[in-house]
Amino acid sequence: MPSGEKIPFKRRRKKRHPKKTEEKADLKRVKDKLEHKVQERTAELALTIQALQNEIEDHRQTEVALRQSREQLRDLSRKILDAQENERRLVAQEIHDSIGGSLAAIKFALEEKLDSMGKNPLPEVISLEKIISQVDETIKESRRISANLRPSLLDDLGLIATITWFCREFEKVYPDIQIDQQITVAEDEIPEMLKVVVYRVLQEALNNAAKHSEATRIRLKFGRHGNRIELSVADDGIGFDPEEKLTESKVVSGFGLPSMRDRTFLCEGRFEIISGKGKGTTVRISLPCDADSIGASR
Ligand SMILES: Nc1ncnc2c1ncn2[C@@H]1O[C@H](COP(=O)(O)OP(=O)(O)OP(=O)(O)O)[C@@H](O)[C@H]1O
Ligand SMILES: [Mg+2]
């Protein structure tokens, strides 16, 4: 062959290998199958996601309903407490004005009678003097009952004057217990709607200390810290297990502790009892002053 002459290029047809073709077909089948499976799984997943979303929505709706009914319950409790407080105010007023007024009139009439009898040491005079002193005692008792139901001082002079009065009366009734008062808040710094709550908690905490603690000293602290009103009543008595008492049925235990706790919670406040056998007892509440967060008159 002369040099430079091109060698004719003979295109050789690639021969299809039957084995390779089969492999390819197998691969395609597997791929199709996989794709099908992926589609199936994707559809299943979409259904599961939809079911989950439905469940989440159900939960959300239940939560909303629960929140609403909790709010309604709270509202109702506030209304019941308001009604109870109004009822107490009315009964206290009735006792004071009607029974107290009649007793005062009887006493006055008896004293008049006694005066008109002169100073004769007749047996009638002596028995009249006795009756007058009994009437006097009954007047005091009716005043005490009326004030315990709802001290008019609270509405007339405010919470601080009422606390001071209550402590003074308490020390008269329980001369073995001394109360140290540390009041660092001014009357106009206490939101109106919190006054009854603080007074009722203080009343119950002091009554509990007198009834159960065998304490000789009670430290009362009442102040405002930032946007919160705080009250603590600490006795140096025998103490108790608050968890046990708060979980016991009210019939076995009493109404005082749950009532203090519920009143506090209704004002979005915090309630705490620190106590232990032989360690004294401290009742502490902390109430937000922000009226919006309270949302009602209590
Ligand atoms: N300061 C305290 N010291 C010792 N024990 C206390 C004190 N406060 C409460 N307790 C105990 O907790 C119990 C429950 O108190 P709670 O005020 O709920 O009921 P109560 O005082 O017995 O009855 P009620 O308040 O309904 O008249 C009391 O019976 C007492 O055993
Ligand atoms: Mg009690």
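Brief remarks follow.
- Each residue of the stretch 52-132 gets 75 Å³ once the volume of the Cα convex hull is shared out per residue.
- C-alpha long axis of helix 123-149 to longest principal axis of the chain, angle in °: 10
- Calculated from backbone phi, Karplus (6.51, -1.76, 1.60) coupling profile of the stretch 21-30 in Hz, x at Gly/Pro: 4, 5, 4, 4, 4, 4, 4, 4, 4, 4
- Distance between the stretch 78-113 and the stretch 139-207 - C-alpha centres, whole angstrom: 19
- Only DSSP H runs of four or more residues enter the estimate; each adds -39500 (n - 2.57), and after division by the residues of the chain the mean residue ellipticity at 222 nm equals -20500 deg cm²/dmol.
- Cross-link pairs exceeding 25 Å between alpha carbons, from the set 245/279; 79/221; 195/277; 113/172; 140/211: 79/221; 195/277; 113/172.
- Solvent exposure of the stretch 16-122 as accessible area per residue, Å², 1.4 Å probe: 87
- Computed E for residue 168/residue 137 - FRET, C-beta separation, R0 25 angstrom, nearest 0.05: 0.80
- Evaluated at q = 0.10, 0.16 Å⁻¹, a Debye calculation over the C-alpha positions of the chain (equal weights, vacuum) places log10 I(q)/I(0) at -0.77, -1.31.
- Per-selection metrics, the stretch 120-274 (Cα): Rg and Dmax in Å: 19.1, 68
- Chymotrypsin sites (Phe, Trp or Tyr not before Pro) restricted to the stretch 215-290 and DSSP loop, no more than 12 other C-beta within 10 Å: 255
- As a fraction of the 1.4 Å probe accessible area of the chain, surface on carbon and sulfur atoms comes out at 55 percent.
- Residues residue 42 and residue 262, FRET efficiency given R0 of 45 Å [Cβ-Cβ distance, rounded to 0.05]: 0.25
The values are calculated or read from the model by the stated rules, or taken from the named source; none is laboratory data. This is a predicted model, so every value here is computed, not measured. Here the Cβ is made from the backbone with ideal geometry for all residues, glycine too, and neighbour counts use every protein chain on show. Areas reflect the complete protein model, heavy atoms only, side chains present, ligands, DNA and RNA absent. Shrake-Rupley method; radii C 1.70, N 1.55, O 1.52, S 1.80 Å.
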